[in-house]
Amino acid sequence: MRACPIHGQALNGPTLAAGLALLLGALQTLAFVRTAAWGLPLATTAALAWLLARGGAARAAWLGWAYGTGWLTAGVWWLYVSMHRYGDIAAPLAAAAVLALAAFLALYLAAACAAFAHWRSGRWGRDALLFAALWLLAELARGTLLTGFPWLAAGYSQVDAPLAALAPWLGVYGMGAVLAWCAAALAGLAASRGRAWHGTVAAALLLAGLAVVGPGEHTRAHGALALTLVQTDVPQEEKFSSERMGATLAAVARDLLDAPSGLVIVPETAVPLLPDQLEDFAPGYWAALRRRFAQSGRAALIGVPLGDFERGYTNSVIGLAAGAPEYRYDKHHLVPFGEFIPRGFRWFTDAMQIPLGDFTRGVVAAPSFAFDGQRIAPTICYEDLFGEEIALRFADAARAPTIIANLSNIGWFGDTVAVPQHLAISRLRALEFQRPVVRATNTGATAIIDHRGRVRAELEPFTRGSLSGIVEGRDGLTPYAAWVSRTGLWPLAAAALALVLLLAARARVGARRVAP
């Protein structure tokens, strides 16, 4: 049968097919901002799987790379703002850097798509499993290798979808794998012209069942905590300005000193100077804060850089509470180029002119801040992308955090989609651990998220203000927290690899049987 012009030319032609894959990858990023559009990644991933079934491994690698490049370029274009507007890098070079990052990270998906095309059997029941396992391996590689960049992992688009019920069991990567399986089952229905309907029915039943059953309750209430979250809204260009430093410090002091009883949290580097530098701008600053939070019923978590030239600098949180020694948390998972300099790239960080651009790492399984019967686990900005690292704090159930507090400053990225994207990430952490997550940020989103991932209160981004509320701490472990805290992500990787090897072996056996 002769192929129609649209199918034979547009979809089988490698350049036009890659262009379509690029657009599909870019289109799905809407669901990471408007999470109600969770069906969009399901449709675009299904279209990708359908395209992959129409050619060989080389073509599939090209399509997978195009899809991944479109996905990441459209999703993290806001990195351009930090490099050009605040890093003073020329616009063409900043744009090229974002594109180069996306193109490099898309290589993981390209390899997975090539393997799928090479090993697929033509039986969509098996092929859907193969696609999901390879997708999982690609996402794990992107999220963990070379310090990892898991931003826009597929599961984050499903925070308001039926698949969110799997978060306390499988985490964000497991959710992404199940999404890929559902998408491949849908692709099989289209590719077989309705004959391979069993997988699509199974996927539909799974989604319907998860929507009805939900995530379940794996944790229990552990008292209530009154807190205040401060959104400082300091423009990034003024944050480290010596001319504005006095006003910035005074405003943060007022936020801390005037907060009602309970815990008050200010954002990452809300105090942007080392403690020994403060005396030049605000004599007695720390002494006044220590006196205030030596009073019973009051506590504070304050984002501040610490350290010195000899011992190194840290991006840190100081905790103050009556009757307790001063608490300190140092950020562990640092941002490449922003907080540490990969070997051979100091010239790039120097060009971006980022103050204190080379920090020292803290310990990965840091103790919690204890206050009013709660164990509060700070994370700083980018760290809350790494659920497997946060899980290490849950290894001892008796000392596991009851509340997670994210202190962040993504003012580097301007008024962009980075703000709602980061909120969805925090919501998924709440689902994985069934812990409330509170966020104190410079520009947004400052929010109180309950243990079911629901936003209970939020400040308008890019405004200055405080958000007060009561947060219910939680005790107990989700299945995800229990297994990841002990084994990391290895069980997911091992299961995916074993499934790929099994299905690849069966595909080879089948190919030998049909060979003349």
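Think of each Lys and Arg Cβ as +1 and each Asp and Glu Cβ as -1; about the Cα centre, that makes the dipole of the chain roughly 2440 debye.
With every protein chain in place and a 1.4 angstrom probe, the accessible-area ranking of D384, D475, largest first, reads D475, D384. Rolling a 1.4 Å probe across the protein heavy atoms gives segment 158-207 an accessible surface of 37 Å² per residue. Ordering E238, E432, E460, E388 by accessible surface, largest first, gives E460, E238, E388, E432; the 1.4 Å probe counts only protein heavy atoms, with every chain in place. May I ask you to give the percent of accessible area on the chain that is carbon plus sulfur, with a probe radius of 1.4 Å? Accessible surface attributable to carbon and sulfur in the chain totals 63 percent. Relative to the longest principal axis of the Cα atoms of the chain, the long axis of helix 198-213 lies at roughly 30 degrees. Of the Cα atoms belonging to the chain, the radius of gyration and Dmax stand at 24.3, 87 Å. Using only Cα atoms, find the angle between the long axis of helix 14-27 and the longest principal axis of the chain, and express it within 0 to 90 degrees, rounded to the nearest 10. Between the helix axis and the principal axis of the chain, the angle is about 40 degrees. Computed with a 1.4 Å probe over protein heavy atoms only, the accessible surface of segment 440-500 comes to 42 Å² per residue. At the residue level, H333 shows approximately 10 square angstrom of accessible surface with a 1.4 angstrom probe and all protein chains present.
So what J values fall out for segment 303-319 if you push phi through Karplus, 6.51 cos²θ - 1.76 cosθ + 1.60 with θ = phi - 60°, rounded to Hz, Gly and Pro as x? With the stated coefficients, segment 303-319 comes to x, 7, x, 10, x, 8, 5, 5, 8, x, 10, 10, 8, 10, 10, 9, x Hz. Annotation: W38 carries an accessible surface of approximately 70 Å², with a 1.4 Å probe and no ligand, DNA or RNA atoms counted. Computed about its Cα centre, the charge dipole of segment 1-139 is approximately 420 debye, with only Lys, Arg, Asp and Glu carrying charge at their Cβ.
Projecting label points 7 angstrom from Cα along Cα→Cβ for E217 and D258 puts them 4.0 nm apart. With K and R counted +1 and D and E -1, the other residues having a Cβ less than 13 Å from that of H422 yield a net charge of -1. Indicate the gyration tensor shape class of segment 253-294 (rounded, prolate or oblate), computed on the Cα atoms with a ≥ b ≥ c the square roots of the eigenvalues: a/c under 1.5 is rounded; otherwise a/b larger than b/c is prolate and the rest oblate. Note, shape of segment 253-294 comes out oblate. Estimated from helices alone, the mean residue ellipticity of the chain at 222 nm is -15000 deg cm²/dmol (sum of -39500 (n - 2.57) over DSSP H runs with n ≥ 4, per residue). Taking amide hydrogens as placed 1.01 Å from N in the peptide plane, the amide H of R452 sits under 5 Å from that of no residue at least 5 positions away in sequence or on another chain.
If one takes the longest principal axis of the Cα atoms in the chain, at what angle in degrees, from 0 to 90 and to the nearest 10, does the Cα axis of helix 57-75 lie? Taking the Cα atoms of the chain, the angle to 57-75 is about 30 degrees. Once you have a ≥ b ≥ c as the square roots of the Cα gyration tensor eigenvalues for segment 100-188, tell me rounded if a/c is under 1.5, and otherwise prolate or oblate according to whether a/b is larger than b/c. Because a/c hits 1.5 or more and a/b fails to exceed b/c, segment 100-188 counts as oblate. Surface calculation, 1.4 Å probe, protein heavy atoms: W169 sits at approximately 120 Å² accessible.
The values are calculated or read from the model by the stated rules, or taken from the named source; none is laboratory data. Since the model is a prediction, treat every value here as computed from it, not as a measurement. Cβ: placed from backbone, ideal geometry, glycine included. Neighbour counts: every protein chain shown. Quick note on the areas: whole protein, heavy atoms, side chains included, nothing else; ligands and nucleic acids left out. Shrake-Rupley method; radii C 1.70, N 1.55, O 1.52, S 1.80 Å.
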